[in-house]
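Here is the structure we will look at.
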Amino acid sequence: MDHSKPIVRLEDVHKRYQMGFVTVEALRGLSFEIHPGEYISIMGPSGCGKSTLLNLLGCLDRPSTGRYLLGEEDVSKMEDDDLSAIRGKRLGFVFQSYNLIQQLTVVENIEVPLYYQHWPEEQSRAVATEMAKRVGLGSRLDHKPFELSGGQQQRVAIARALASDPLVILADEATGNLDSSSGREILDLFDELNGQGKTFIMVTHDEDTARRASRAIRLRDGLLESDTRLR
Amino acid sequence: MRGESKSFETVRHDLKWSRLKRTVRLGLKSLWMHRLRSMLTALGIVFGVCSVIAMLAIGEGASHEAQEQIKSLGSQNIILTSVKPPDEQKVSNTGQSYVLDYGLKYSDIKAIQSTIPGVSVIVPGRIIREFVWNITQRVDCKIMGTVPWYPSMRNQRIARGRFFTEQEMTEKSNVCVLGAETAEKLFPLESPLGGSVRVGEAYYRVIGVMEAHANGPKTPEASVGGGNTSETLNRMFIPLATAKTRYGEVLRKRRTGSFEQERVALHEVTVKVAELGEVVNVSYAIEALLKRNHKKKDYEITVPLEQLKRAERTKQIFNIVLGSIAAISLLVGGIGIMNIMLASVTERTREIGIRRALGAKRRDIVTQFLVETVMLSGAGGIIGVALGMAIPFVVTYFAKMVTIVTFWSPVVAFSISGLVGVVFGIYPAMRAANMDPVEALRHE
Ligand SMILES: Nc1ncnc2c1ncn2[C@@H]1O[C@H](COP(=O)(O)OP(=O)(O)O)[C@@H](O)[C@H]1O
Ligand SMILES: [Mg+2]
């Protein structure tokens, strides 16, 4: 893997929200780079801009000013449809509340990003099955989300994030809703996948969780407070 | 080279097709998850479509029946009938020797034939009311003296046997053709053909039986009131010449204590006009002529063509009214669908956010919601069509009414239901698609 070329590059990114007459500046000029294979934790007090940053990194939102390069592409000025395509292809999401689609089975949930990339059905079914096996749910393919435990649901979400082989996997408090042992299993899975070369960006409150990452970014009031390499 | 690009196109086409199938399957899953709600939503469309088809079938049947009745009189015909002038009705009580003299005369026919051009055939008819006997069976019957070409001119058919011939007319034969009901009553068990009936002192040989109805309803009850049918059902037809010699010009009717005598030469005359476009004009000419020759209005002129036109106009108005009712019910169904879909969009905000995060474009979301609404209204449409086509049968069976499901009414009703799905699905779908993914994901 080419470690010299960053896959994420933020250049003086600002994000402002207009609330009536008041402008809230959630991010006030962030610049950093992320290289392939990194495992990053983002920490900071509530309201410091973590979620805002993750939404920008996840192409769910655009910076007010500044540039954001994902891979080779500048996504900061892209149209909505292009952002959708980028999200499906280049990014994987793991949410705190799993966010599975209730009417779909495990394997169908994993297939969703591939469906929006117009993959043929047999191919996407095969990949989804493989991903389910990879997170240890090979025997639960046809279960509905409500038939699974929280930890298992989060595994499905991880499999779904892996399905289209994204550049980065973004996790927002991925273990926040889990008991400590299921949470540990999820983090072990992250470690394992990171060991296989996957890049992770993870927002967390928990110091222990943050210590498992290879690099810790701390935010304060929309600015970078510290950026520490742990491994 | 060309072959390659063609196969590439086929692959693309297959992909699109399988994708549509997956979208439909996905829609079915979402609808199935809220099956009660989906069912109730579709119900609006079911009733809309069903009522459109049923109403049109009943309306079509009613107007068809009316038109058939009028047509059986012959659209090229003008029918003249003798009527007793209203102010003459009491006179009969004053003296026994008084003979009431009214109605159409043979001279009227001659005048019409000689002065009005384009009049091809005239069927004179005389109606005598008498009891007709077959040994002990008795029927109060209108005996009609007429000409051999009467059935062909009045669009009436012979069920069995034949009508009398020109020869029998000139020979003043004692032959008769019975109406279906008369035949049924007089000959309940045996075939009337070859039998004979008695009227007063005279015997008539039965040579034919009229058809009960041309293409009307299947049950006899349903035909009551039908022009063609009721007109011929309880009649007996004999040659006009026979009627003239046997019953003369004067008719005696027994009334309580006294005799009432009437002299009516012709009770009914059918004038056939060669050109359909001339029918109305000829009717005016005949009216003017009769007005000149008759002191009192002792005749009536019926123009089936005018009735037909009137019936058609009535049918048009009927259809507009039914159409509006149907449109309103479908509109209500559509608004119901929109209402539910909007609720569904709100409820599934989170799902929309997830899908958008996982790469769904706005139009993917629009397609998803639109497919769902179209499926809902389509399913409602199919059930509605099935019900709507079943209801006319039930109506025909129980209410003995003629109903006609035209080919286009289910097609139109079904396509409208699809259209309703699209029209009322678009707004909720657009609303779903235009949600901010970040907001949508945060939605509880
Ligand atoms: N959609 C929004 N509209 C207005 N203000 C917002 C919006 N999203 C976030 N903010 C504001 O931006 C700041 C950073 O919020 P957020 O990124 O959610 O912080 P964190 O996730 O670190 O708790 C907060 O002051 C918050 O109120
Ligand atoms: Mg947050």
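Buried accessible area between B and A (1.4 Å probe, both chains summed, ligands and nucleic acids excluded), in Å² to the nearest 100? What B and A bury together is about 2800 Å².
Averaged over the residues of peptide B:435-441, the number of Cβ atoms from other protein chains lying within 10 Å of each residue's Cβ is 4. For the stretch A:70-75, backbone phi angles converted through the Karplus equation (6.51, -1.76, 1.60; θ = phi - 60°) give residue-by-residue couplings of 10, x, 8, 9, 8, 9 Hz, Gly and Pro being listed as x. Taking a straight Cα-Cα cut-off under 16 Å and skipping sequence neighbours fewer than 8 places away in the same chain, the lysines within cross-link reach of A:Lys50 are A:Lys15. For the stretch B:305-425, the relative contact order works out to 37 percent when only alpha carbon pairs closer than 8 Å and six or more residues apart are counted.
For the pair the stretch B:386-437 and the stretch A:65-137, the centres of their Cα atoms are 39 angstrom apart.
In the protein assembly as shown, the DSSP beta bridges split such that about 70 percent are antiparallel, to the nearest 5.
Our summary gives chain B a relative contact order of 29 percent, counting only alpha carbon pairs under 8 angstrom and 6 or more residues apart. For the protein assembly as shown, rounded, prolate or oblate, judged on the Cα gyration tensor with a ≥ b ≥ c (square roots of eigenvalues), a/c < 1.5 rounded, else prolate if a/b > b/c? Note, shape of the protein assembly as shown comes out prolate. Taking only Cα atoms and a 10 Å spring cutoff, compute GNM fluctuations for chain B and point out the largest among B:Thr136, B:Thr245, B:Thr346. Looking only at B:Thr136, B:Thr245, B:Thr346, the biggest GNM fluctuation is shown by B:Thr136. Running a GNM on chain B with Cα contacts under 10 Å, which residue among B:Lys296, B:Lys71, B:Lys361 ends up with the highest mean-square fluctuation? Evaluated over chain B, the most mobile residue of the options is B:Lys361. Partner shielding of A:98-108 amounts to 4, given as the average count of beta-carbon atoms from other chains within 10 Å of each residue beta-carbon. In a GNM of chain B with a 10 Å cut-off on Cα contacts, which of B:Ile135, B:Ile325, B:Ile143 has the highest mean-square fluctuation? Largest GNM mean-square fluctuation: B:Ile135. Taking a sphere under 11 Å around the Cβ of A:Ser182 and counting the other residues whose Cβ falls inside, with K and R at +1 and D and E at -1, yields a net charge of -1. Quick check on the stretch B:372-444: take the gyration tensor over C-alpha atoms, sort the square-rooted eigenvalues as a ≥ b ≥ c, and tell me if it's rounded (a/c under 1.5), prolate or oblate. In terms of gyration-tensor shape, prolate. With a cut-off of 12 Å between beta carbons, the residues surrounding B:Asp140 carry a summed charge of +3, where Lys and Arg count +1 and Asp and Glu -1. Just tell me the longest site-free run in chain B, where the sites are chymotrypsin sites (Phe, Trp or Tyr not before Pro) in a DSSP loop having at most 16 other beta-carbon atoms within 10 Å. Longest run free of exposed loop sites: B:150-406.
Working note: 222 nm ellipticity from helices only, DSSP H runs with n ≥ 4, each -39,500 (n - 2.57), summed and divided by the residues of the protein assembly as shown, gives -16000 deg cm²/dmol to the nearest 500. Solvent-accessible area of the protein assembly as shown (1.4 angstrom probe, protein heavy atoms only): carbon and sulfur portion equals 57 percent.
Based on protein heavy atoms only, the protein assembly as shown ends up with 49 Å² per residue of surface accessible to a 1.4 Å probe.
With the simple spin-label model, which puts each label point 7 Å out from Cα in the Cβ direction, the B:Tyr106 to B:Tyr203 separation comes to 3.0 nm.
Taking every full run of DSSP H in chain B, the ones that stretch at least 20 Å from end to end by Cα along their long axis and average 0.0 or higher on the Kyte-Doolittle scale are B:35-72, B:279-293, B:304-347, B:362-399, B:408-433. Residues of the stretch B:12-48 that bury at least 10 Å² of accessible area when the other protein chains are present, relative to the chain alone (probe 1.4 Å, heavy atoms, ligands and nucleic acids excluded): B:Leu15, B:Ser18, B:Arg19, B:Arg22, B:Thr23, B:Arg25, B:Leu26, B:Lys29, B:Ser30, B:Met33.
Cross-link partners of B:Lys71 among aspartates and glutamates, defined as those whose alpha carbon lies under 20 angstrom from its own and excluding same-chain residues fewer than eight positions apart: B:Glu60, B:Glu211, B:Glu231, B:Glu268, B:Glu275, B:Glu278, B:Glu300, B:Glu306, B:Glu312.
Partners of B:Lys105 within straight-line reach, counting lysines whose Cα lies under 19 Å from its Cα and excluding those fewer than 8 residues away in the same chain: B:Lys84, B:Lys244, B:Lys272, B:Lys291, B:Lys295, B:Lys296, B:Lys297.
The contact residues of the stretch A:70-86, meaning those that lose at least 40 Å² of 1.4 Å-probe accessible area when all protein chains sit together rather than their chain alone, are A:Asp80, A:Asp81, A:Ser84. Using only alpha carbon pairs under 8 Å that are at least six residues apart, calculate the relative contact order of chain A and give it in whole percent. For chain A, the relative contact order is 28 percent.
The values are calculated or read from the model by the stated rules, or taken from the named source; none is laboratory data. These figures come from a predicted structure and were not determined experimentally. All Cβ positions, even for glycine, are placed from backbone atoms using ideal geometry, and neighbour counts span all protein chains on display. To get the accessible areas, we keep the full protein, side chains included, count just its heavy atoms, and leave off ligands, DNA and RNA. Shrake-Rupley method; radii C 1.70, N 1.55, O 1.52, S 1.80 Å.
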